Amino acid sequence: MRPGAPWLPAGSVLAASVLLALLRGVVAASVDLSDDEAYYRLWALAPALSYLDHPPMVAWLIAAGR
């Protein structure tokens, strides 16, 4: 092992990252949206120039990420 090399092999780090990403996907698919998330999603379906209680950038970013 070279001096200064990480103590974990790269394959282990990659495998752990993939496993955690898959686990996160399973959890995200099984949990419903919170009230705020559902509200923002409705905004993102029809972005406008302004909203009563929030700036429009929230809806624009969500719409761009869909």
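Quick look at the numbers
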quantity	calculated
Matching residues, segment 22-47, being open to solvent by less than 60 Å² (accessible area, probe 1.4 Å) and not in a loop (DSSP other than H, G, I, E, B)	GLY25, ALA38, TYR40, TRP43, ALA44
Residue among SER50, SER17 that alone is open to solvent by less than 90 Å² (accessible area, probe 1.4 Å) and modelled with pLDDT of 90 or more	SER17
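The values are calculated or read from the model by the stated rules, or taken from the named source; none is laboratory data. The shown structure was predicted, so the numbers you read here are calculated from the model rather than taken from an experiment. Accessible surface areas use protein heavy atoms only, side chains included; no ligands, DNA or RNA. Shrake-Rupley method; radii C 1.70, N 1.55, O 1.52, S 1.80 Å.
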